[in-house]
Amino acid sequence: MTPSKKKSSPASWRHYNFTTAGPVDDYLYSMLPARDEVLVEMEQYATEHNIPIVGPAVARVLQQLALMINARTVFELGSAIGYSTIWWAQAVGESGRVIYTDGDSKNVERARGYFARAGVTKRIELHTGDALEKLSEQKHEFDIIFNDVDKEDYPRVLRLVAPRLRKGGLFVTDNVLWSGRVAEKNPKDAHTKAILEFNRKLYDSKEFYTTILPIRDGLAVALKR
Ligand SMILES: C[S@@+](CC[C@H](N)C(=O)[O-])C[C@H]1O[C@@H](n2cnc3c(N)ncnc32)[C@H](O)[C@@H]1O
């Protein structure tokens, strides 16, 4: 095909200036079913103590993805008080396994209490320390690897993931739109630059088929080919 010489006009299928912020976002959250008592308490605790959990709209996507591929094993990098971990644990079922990792021992102790109350203790292996180190020690392939650590580590996480994920497995990453800062002209901030590098490499990778879902702060879902 010869490239068109016509000046490009805005594509009719683009929803320019349409945003899921504000009232539309409220609508999306209003659609969510009520959560278990423990999850509601965790959401309140996270709000009061400024803990950056994924929240129920993204958590529902995580659980749906796990159910779609019948996931039984999940490795989570950056688990905090264990909110997203519980959603994974519910999805993998009784015989499933979720690896929780966090560098803060206070988070680990709080998460342990929530897991017991949610009835998912047996499905979760807790690890205190560096999540990337723990992932690099893994000898088995997982169905899902979920990345929610410090943003400057995202490019390094990407280098570790592929050999530890099964074919047809999912590599899922939170905060890839970074409150919209990914669209800045010349971002100086190291976190934004790391996320931009990560997103570009993930989309360019031949090992993954990737889409960023623009829900909340952006969720990258990458299928391992
Ligand atoms: C965004 S929070 C995780 C929230 C959790 N995924 C949820 O949605 O419920 C990030 C957590 O990752 C932990 N963290 C950041 N970098 C880490 C690393 N390299 N190793 C282990 N934990 C890390 C922090 O202590 C923090 O609790």
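The values are calculated or read from the model by the stated rules, or taken from the named source; none is laboratory data. These figures come from a predicted structure and were not determined experimentally. Heads up, the Cβs are rebuilt from the backbone with ideal geometry, glycines too, and the neighbour counts pull from every protein chain shown. Surface accessibility is based on the protein's heavy atoms, side chains included, excluding ligands, DNA and RNA. Shrake-Rupley method; radii C 1.70, N 1.55, O 1.52, S 1.80 Å.
Could you pull out the trypsin sites (Lys or Arg not before Pro) across the stretch 126-195 that fall in loop regions by DSSP (anything but H, G, I, E, B) with no more than 10 other Cβ atoms inside 10 Å? Working shown, then result.
Values: sites: 134, 139, 151, 156, 159, 164, 166, 167, 181, 185, 188, 193; in loops: 139, 185, 188.
Answer in residue order: 139, 185, 188.
Within the stretch 1-80, report the trypsin sites (Lys or Arg not before Pro) that DSSP leaves as loop and that have at most 15 other Cβ atoms within 10 Å.
Working: sites: 5, 6, 7, 14, 35, 60, 72; in loops: 5, 6, 7, 14, 35, 72.
Qualifying residues, ordered by number: 5, 6, 7, 14.
Starting at the first residue of the stretch 90-107, write each ³J(HN,Hα) from the Karplus equation 6.51 cos²θ - 1.76 cosθ + 1.60 with θ = phi - 60°, in whole Hz, x for Gly and Pro.
5, 6, 7, x, 4, 8, x, 9, 10, 9, 8, 9, 7, x, 9, 5, 5, 4
With loop defined by DSSP as not H, G, I, E or B, and exposure as at most 10 other Cβ atoms within 10 Å, which is the longest segment of the chain clear of exposed GluC sites (Glu not before Pro)? Don't skip to the end; give the middle numbers.
On the way: sites that count: 94, 137.
Result for the longest clean stretch: 1-93.
Quick one: order 79, 105 from most to least accessible surface, probe 1.4 Å.
Working: 79 5, 105 70 Å².
In descending accessible area the options line up as 105, 79.
Rounded to whole Å and ordered largest first, report the semi-axes of the equivalent ellipsoid of the chain derived from its Cα gyration tensor (root of 5λ).
On the way: eigenvalues 187, 93, 60 Å².
Three semi-axes, in Å: 31, 22, 17.
Can you sort 73, 101 by 1.4 Å-probe accessible area, starting with the largest? Before the final figure, lay out each step's value.
Values: 73 40, 101 0 Å².
Result, largest first: 73, 101.
Just to be sure I understand: with springs between alpha-carbon atoms less than 10 Å apart, which residue in 100, 154, 27 has the highest mean-square fluctuation in the Gaussian network model of the chain?
27
On full extension of the chain, what length is gained from residue 150 through residue 225, given 0.36 nm per residue of separation minus the C-alpha to C-alpha distance?
On the way: separation 75, 0.36 × 75 = 27.00 nm, distance 2.63 nm.
Result: 24.4 nm gained on full extension.
What accessible surface, in Å², does a 1.4 Å probe find on residue 205, ignoring ligands, DNA and RNA and rounding to the nearest 10?
Looks like 30 Å² after rounding.
Tell me, in nm to one decimal, what length is gained between residue 200 and residue 130 on full extension, where the rule is 0.36 nm per residue of separation less the Cα-Cα distance? Walk me through the numbers before you get to the answer.
Numbers: separation 70, 0.36 × 70 = 25.20 nm, distance 2.48 nm.
Going from the current span to full extension adds 22.7 nm.
Residue by residue, what Karplus-based ³J(HN,Hα) values in Hz, rounded to whole numbers, does the stretch 155-171 have, using 6.51, -1.76 and 1.60 with θ = phi - 60° and x for Gly and Pro?
Values per residue, Gly and Pro as x: x, 5, 4, 4, 5, 8, 6, 3, x, 10, 10, 6, 4, x, x, 10, 10 Hz.
Pop a pseudo-label 7 angstrom from the Cα along the beta-carbon direction at both residue 67 and residue 36 and give the gap in nm to one decimal.
Going from the residue 67 label point to the residue 36 one covers 1.5 nm.
Could you do me a favour and compute the accessible area per residue for the stretch 96-225, 1.4 Å probe, result in Å²? Kindly include the intermediate steps, with their values, before the conclusion.
Working: 6700 Å² over 130 residues.
Using a 1.4 Å probe on heavy atoms only, each residue of the stretch 96-225 averages 52 Å².
With the Cα gyration tensor of the stretch 43-111 in hand, give its eigenvalues times 5 under a square root as the equivalent ellipsoid semi-axes, listed largest first in whole angstrom.
On the way: eigenvalues 90, 40, 14 Å².
Result for the stretch 43-111: semi-axes of 21, 14, 8 Å.
Restricting to lysines 8 or more places apart or on different chains, can you count the pairs in the stretch 112-225 with Cα atoms under 17 Å from each other?
The number of close lysine pairs in the stretch 112-225 is 10.
So, taking all protein chains as they sit and a 1.4 Å probe, how much accessible area belongs to residue 18, in Å² rounded to tens?
130
Any idea what the alpha-carbon Rg over 2.2 N^0.38 Å comes to for the stretch 95-225?
Numbers: Rg = 15.6 Å, N = 131, 2.2 N^0.38 = 14.0 Å.
That ratio works out to 1.11.
Return the carbon/sulfur percentage of the accessible area of the stretch 1-107, one whole number, probe 1.4 Å, all protein chains in place. Before the final figure, lay out each step's value.
Details: 3640 of 6740 Å².
Carbon and sulfur together cover 54 percent of it.
Taking the Cβ of residue 225 as the centre, find all other residues whose Cβ is under 12 Å away and add up their charges (Lys, Arg: +1; Asp, Glu: -1).
On the way: positive: 166, 167, 206, 224; negative: 207.
Once positives and negatives cancel, what remains is +3.
Give the average over all directions of the projected area of the C-alpha convex hull of the stretch 1-123, one decimal, in nm². Each step should come with its number before you reach the end.
Values: hull surface 48.7 nm².
Its Cα hull, projected and averaged over all orientations, spans 12.2 nm².
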